[in-house]
1. If I go through the stretch 57-76 residue by residue, how many of them are surrounded by 13 or more Cβ atoms within 10 Å (Cβ to Cβ), in a loop (DSSP other than H, G, I, E, B) and not hydrophobic (A, V, I, L, M, F, W, C)?
2. Which numbered condition in (1) within 16 Å of the chain's Cα centre (by Cα); (2) loosely packed, with under 13 Cβ neighbours inside 10 Å is the only one that K114 fails?
3. Please go through the stretch 77-111 and give me each residue that is among the hydrophobic types (A, V, I, L, M, F, W, C) and part of a loop (DSSP other than H, G, I, E, B), ordered by number.
4. With the condition kept exactly as written, say whether any residue in the stretch 23-32 is surrounded by fewer than 16 Cβ atoms within 10 Å (Cβ to Cβ), modelled with pLDDT of 85 or more and part of a loop (DSSP other than H, G, I, E, B).
5. Would you say N128 is surrounded by 13 or more Cβ atoms within 10 Å (Cβ to Cβ), of a type in the set (S, T, N, Q) and on the phi < 0 side of the Ramachandran plot?
Amino acid sequence: MSLTRASRWTGVGFVVALCVGLHISGCSVNERVQSTGTVRYVQILDEVKPPTLYARVGDEIRWVNLQSSPVRVGILNGGWHGHVACEKGFKTFGSMEDWVEIPPQEYVSLCFGKPATVQYNVWLDTQNMKGSMTPTATIRID
């Protein structure tokens, strides 16, 4: 049985529409991680609370800047990009960034699709990357 050219294009159109529909709804074709709906917060003031955060695969981790000036979050360990299932603020021009600036009273977030341990620092003065840094904090995703 041979497919006509029109029916082949119809099939391709269906697959493209399905992929676009999945992308618009927030699903990712490459990731099969179900969001837990749980949001875990990292509060940033003069220090980071909690210094160690425990989360599950699919939880959303939100870094919330409670200061009156911008801060910078920098992920220290490599290889974390491959574990990300969703993000807000860590992407620039189609690539994941190891650091992100958070305006006052705003947040950035990541969801992890695989177990991981992520270490990060927060720079309290975005103009002085050599000073005013919090102790290294950790997120453990199981």
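The values are calculated or read from the model by the stated rules, or taken from the named source; none is laboratory data. All of these numbers come straight from a predicted model, not from anything done at the bench. Neighbour counts are summed over all protein chains in view; Cβ atoms, including those assigned to glycine, are modelled from backbone coordinates with ideal geometry.
1. The total comes to 4.
2. Failed condition: (2).
3. Within the stretch 77-111, F90, F93 meet the criteria.
4. no
5. no
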